[in-house]
1. State yes or no: is Gly162 within 16 Å of Pro247 (Cα to Cα), touching a residue at least 24 places away in the same chain (Cβ under 8 Å), outside any helix (DSSP H, G or I) and not basic (Lys, Arg)?
2. Can you tell me which residue is surrounded by the fewest Cβ atoms within 10 Å (Cβ to Cβ) among those in the stretch 232-248 that are in a loop (DSSP other than H, G, I, E, B) and touching a Gly at 6+ places or on another chain (Cβ under 9 Å)?
3. State all residues of the stretch 211-225 that are touching a residue at least 60 places away in the same chain (Cβ under 8 Å) and not hydroxyl-bearing (Ser, Thr, Tyr); if no residue qualifies, say none.
4. Only residues that are surrounded by 15 or more Cβ atoms within 10 Å (Cβ to Cβ) and free of Cβ contacts under 8 Å to residues at least 40 places away in the same chain: list them for the stretch 272-287, please.
5. Could you please give the count of residues in the stretch 294-323 that are small (Gly, Ala, Ser) and part of a helix (DSSP H, G or I)?
6. Check whether at least one residue in the stretch 9-31 is modelled with pLDDT under 95, in a loop (DSSP other than H, G, I, E, B) and β-branched (Val, Ile, Thr), and report yes or no.
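The values are calculated or read from the model by the stated rules, or taken from the named source; none is laboratory data. Note that the structure is predicted; figures quoted are calculated from it, not measured. Cβ: placed from backbone, ideal geometry, glycine included. Neighbour counts: every protein chain shown.
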Amino acid sequence: MLGSARRLMGALAAGLALGAACPAAAQTGSMDPELLKPNLVEVEPGRRLHIACTGKGSPTILFEQGGEGSIANWRKVQAQASAISRTCFYDRAGFGLSDPPKDPVDGIHVTDDLRRLLLAADIRGPVVLVGHSIGGFYSTLFADRFPQQVAGMVLVDPGFAGQWAPTGRQRRRELQAMAKGGQKLKACAELARQGALRADAPQGCFSLAPDLTPAETEYVLKGFTRPSWYEAEVEQSNNYFPSGAEPESLSWKQERLARRDFGNMPLVVLSAQTPPREPVQNDKAYAEASARWKEGHRRLAARSTRGEWREVAGATHFIQLDQPAAVVEAISQVVAQARESAAPAPKAAKGKATKGKAAKPRKPAAKAAGKAR
């Protein structure tokens, strides 16, 4: 509930292997295999990010996954979303098939990377962002910083600045769990450097969901057997969650300073009915965290006059796997609203000539300064 990144670190601390999420109630569906083949686009000299697109139409729908950084976690919604409009999926620096980052993995650098990628991949016009977990946080920050490049957003159980505020003993427990998870991630990075991580030898560093297709399995393995995945995850978590006595992390501060209202931007925020529970949370801590989580989502939705908040019944943190129809419905709505907003205003009806007088000829309309994107 407190974001894929911290949940992953807590799971590693508890000795659980990680992989592309697969809730027991997940519906069938798979990614287009073409989206999982390397398609590296240079965003800076010597550094490339993987991005792949399919479908037709405008605006482009761009997916921003959670802390696990796996495109395969969109497998239940990809086909239907791609029937709505053009869809693009990318790997953040260090994750999946993308090159390792050269800068710190924080909100500013992640959103700078996305802006470079949109330009390098020639993705024109404002996009609809669909962000899950920490990907929802990055989507929000991107819309804060570059409002002209965002036509709308669907935030799927998103992370947000200030989402985590335990105190006293509970805070110490959660910080200790994160520290243990971080050490495990570093150990996994070293195993990856040694070439010791394989599908038949995950070393407690990852697991593979049983419903993955061969193409999805190959893609996920390429990510989880690279040291950059674990290194990027450690740095991402360290910059996203407060440490020690600090009330605010670096990434949270970056979003707070950039924060703005979203006007009438199409926006749907989806909350899981049953957020996941951290291993070290007692009943009171879990209840407080759950309430804070959903209230934060309501506040996110309220930043747009067209914002909507929905709690998705029967869904855990991975709503796109538990209840993919809810995500597709939200995408369809936001895309339709974005298209409506982008449509040219209807021309005024021509005036009638006054009886007995000739109508004055109209002056030709001035040419548009440029094409709408």
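1. yes
2. Step one: list which residues in the stretch 232-248 are in a loop (DSSP other than H, G, I, E, B), which gives 241-248.
Checking which are touching a Gly at 6+ places or on another chain (Cβ under 9 Å) leaves us with 241, 247-248.
Working: Phe241: 23, Pro247: 9, Glu248: 13.
Step by step, filter the stretch 232-248, then rank; the result is Pro247.
3. Those that are touching a residue at least 60 places away in the same chain (Cβ under 8 Å) and not hydroxyl-bearing (Ser, Thr, Tyr): Asp211, Leu212, Ala215, Glu216, Glu218, Val220, Lys222, Gly223, Phe224.
4. Tyr286
5. Total meeting the criteria: 2.
6. Checking the stretch 9-31: at least one residue is modelled with pLDDT under 95, in a loop (DSSP other than H, G, I, E, B) and β-branched (Val, Ile, Thr).
Matching residues to (1) within 19 Å of Leu49 (Cβ to Cβ); (2) of a type outside the set (Val, Ile, Thr):
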| residue | (1), (2) |
| --- | --- |
| Gln80 | no, yes |
| Phe89 | yes, yes |
| Arg116 | yes, yes |
| Val130 | yes, no |
| Ile134 | yes, no |
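For every residue, the table says whether it meets (1) in a loop (DSSP other than H, G, I, E, B); (2) farther than 22 Å from Gly136 by Cβ; (3) at pLDDT below 95; (4) not charged (D, E, K, R).
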residue: Pro210; (1), (2), (3), (4): yes, yes, yes, yes
residue: Ser228; (1), (2), (3), (4): no, yes, no, yes
residue: Met265; (1), (2), (3), (4): yes, no, no, yes
residue: Ser271; (1), (2), (3), (4): no, no, no, yes
residue: Arg277; (1), (2), (3), (4): yes, no, yes, no
